[in-house]
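Take a look at the following structure, please.
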Amino acid sequence: MDPNIARLGEWVGAAKRIVFFGGAGVSTESGIPDFRSTGGLYNQQYKYPPEVIVSHTFYEERPEEFFAFYRKRMLFPAAQPNAAHRKLAEWERQGRLAAVVTQNIDGLHQAAGSRNVLELHGSVHRNYCEHCGKAFPLSYILQSTGVPRCDACGGPVRPDVVLYEEALDSDILEAAVEDIAAADLLIIGGTSLVVYPAAGLIRYFQGSHLVLVNKTATAADSRADLVIHDAIGAVFAQLP
């Protein structure tokens with residue numbers, strides 16, 4: 001075993017309160033593309049930049065184009081949890097993992113069995129009517145065309161995800177800060193740590209060991225006690 005992975009395994013075994021903070025790279029091994037890698041959404045050609053399409057302004061002004069992109073490029077209903085999702089759920093069942101803080105909206109942590117998941121950017125599995133508030137599952141969006149409409153009042157149904165230009169849920173953000181501040185081991189994985197305010201959560205960690213697992217270097221590598229540049233699923237598959 002790689003000595004860095006072995007060291008991480010030792011720290012996991014000794015930790016009493018682990019918190020995991022993850023990004024898009026956690027789900028790439030489940031077949032969901034990230035944003036900033038070579039094959040990510042930001043490096044593909046569209047009529048508008050992806051970060052513009054998934055903005056609040058674009059959603060309001062061009063809702064049909066928003067949903068065309070959203071259904072085609074952001075929904076992966078067949079995706080399954082990978083080794084990283086499963087290992088985190090296992091640690092939670094063992095009482096070692098206190099929380100998963102995620103920037104992902106795919107629901108794969110819950111599908112793997114994790115219960116305390118703080119979804120900073122919302123979830124594709126929650127959708128609601130903007131007029132009456134009625135809730136709808138992901139299947140309702142997938143089976144609709146154009147702008148999905150509420151079957152009760154006819155209002156537009158939007159995903160409960162945080163778009164660019166929108167604020168994060170303050171209660172979820174506060175809970176994430178509290179969990180990270182109380183952790184003795186913080187593992188950050190599959191994120192480039194460039195999206196704020198989520199990336200700023202790292203500064204609240206006061207515990208013993210900060211670990212970064214990501215395929216490429218991040219601006220926070222110098223702050224970490226251990227850095228592993230590899231696919232997170234491949235790393236977690238080797239952990240106890």
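The values are calculated or read from the model by the stated rules, or taken from the named source; none is laboratory data. The model shown is predicted, which means the values in this text are computed figures rather than measured ones. Virtual Cβ from ideal backbone geometry, glycine too; neighbours counted across all protein chains shown. Surface accessibility is based on the protein's heavy atoms, side chains included, excluding ligands, DNA and RNA. Shrake-Rupley method; radii C 1.70, N 1.55, O 1.52, S 1.80 Å.
Out of (1) over 26 Å from D34 (Cβ atoms); (2) open to solvent by 40 Å² or more (accessible area, probe 1.4 Å); (3) more than 18 Å from the chain's Cα centre (by Cα), what's the single condition that is false for C150?
That leaves (2) as the condition not met.
Now for a different question. Anything in the range 75-103 that is in a loop (DSSP other than H, G, I, E, B) and open to solvent by 40 Å² or more (accessible area, probe 1.4 Å)? List them, or say none.
Result: F76, P77, A78, Q80, Q94, G95, R96.
Does the range 27-51 hold any residues that are at pLDDT 60 or above and assigned to a loop (DSSP other than H, G, I, E, B), and which are they?
S27, G31, I32, P33, D34, F35, Q45, Y46, K47, Y48, P49
Cβ-Cβ distance below 9 Å, separation of 6 or more or different chains: which pairs start in the range 120-137 with a residue that is on the phi > 0 side of the Ramachandran plot and end on one that is open to solvent by 50 Å² or more (accessible area, probe 1.4 Å)?
Matching pairs, first to second residue: G122/D160; G122/D169.
So, F67, is that one surrounded by 20 or more Cβ atoms within 10 Å (Cβ to Cβ), modelled with pLDDT of 95 or more and within 20 Å of Y196 (Cα to Cα) or not?
no
Of everything in the range 183-221, what is of a type in the set (S, T, Y) and either modelled with pLDDT of 95 or more or surrounded by 15 or more Cβ atoms within 10 Å (Cβ to Cβ) (or both)? Give them in sequence order.
Correct list: T191, S192, Y204, S208, T218.
While we're on this one: Which residue is farthest from I180 (Cα to Cα), if the candidates are limited to the range 104-142 and must be touching a Leu at 6+ places or on another chain (Cβ under 7 Å) and open to solvent by 50 Å² or more (accessible area, probe 1.4 Å)?
L142
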